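Every number here is computed from the coordinates shown, using simple stated rules; none is lab data. Just so it is clear, the model here is predicted, and its values are computed rather than measured. Here Cβ is always computed from backbone atoms with ideal geometry, including for glycine, and neighbour counts include all displayed protein chains.
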Amino acid sequence: MKHMLLKSMTIFILLMVSLCGIAGEQTEASTTDDQDLIIVNKYYNKIAYFRNGSLEMLEPVATGMSWDKTPVGFFKIVNKIKNRPYYIGNIPGGDSRNPLGKRWLGINANGTSGDTYAIHGNNNPNSIGKYVSQGCIRMDNTAIEKLFNQVQVGTPVVITYSYKSFGELTDLYGYDIRS
C-alpha cells in the first residue's frame, strides 16, 4: 500500500512538474512526448535519457562541488540554447574557452526559468564524472549535442542522489521501460 501511494504521488509530482515552468526567449517552441524522461543520478554522476520506453543514452556527467549546488527534485527542460555566451567571463557562445560548451538545456530548478541551472557541454573534459560544478550538470560536448537534438522543451528531468539503478528509478517514478 505504501509503495502504491509513493508511486501515485511521484506520478502526480511528475505531471505537475511537466505542466509548470516558463520558457525563455531563445526557447525552441515544441512540446515533449509523454514517454521522454531524463534522470540525473548524482550518486553515480550519470545521466540517463529514456525515449518511448527505451534507454536512448547513458553518459557520465559532472555535478555540483557540494551537495547543495545541484538541486535534487523534479524539473523540466524549459529552454534550449545553442552557443550560449558565458556572461561572467564575457566569452562568446561557440568560443572554445566557453565553459558552457555549445549546447544548453535550461531547467526550471529552484524556481528559475532555465537561465541558472542546465545540462550543458563544457570546455574541460577532465571534469566529467566529478563533483566540480557550481550547480549545472556538465556533459561531454559530443554527448550534449546528441541529447540536445533529441529532447524537447517540456521533457521531465529528475535529479536524484540514489544507489538505485536507473531501471529501479524509472519504476519508482512510474515510468515503464521496455525490456
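Miscellaneous remarks
- Other residues within the sphere of radius under 12 Å centred on the Cβ of ASN123, judged by their own Cβ, net out at +1 (K and R +1, D and E -1).
- Contour excess over end-to-end distance, with Cα ends at LYS82 and SER66 and 0.36 nm allotted per residue: 3.0 nm
- Antiparallel bridges, percent of DSSP beta bridges restricted to the stretch 54-157 (to nearest 5): 75
- Residue order, fewest to most beta carbons within 10 Å, for VAL132, VAL78: VAL132, VAL78
- Modelled label positions at LYS46 and LYS130, each set 7 Å beyond Cα in the direction of Cβ, lie 2.1 nm from each other.
- Where trypsin sites (Lys or Arg not before Pro) fall in DSSP loop in the stretch 35-69, at most 16 other Cβ within 10 Å: LYS69
- Distance between modelled label sites at LYS164 and ILE91, nm, 7 Å Cα→Cβ extension: 3.7
- Ordering THR112, THR70 from the fewest to the most neighbouring beta carbons within 10 Å gives THR112, THR70.
- Residues TYR163, TYR173 arranged by fewest to most Cβ contacts within 10 Å: TYR163, TYR173
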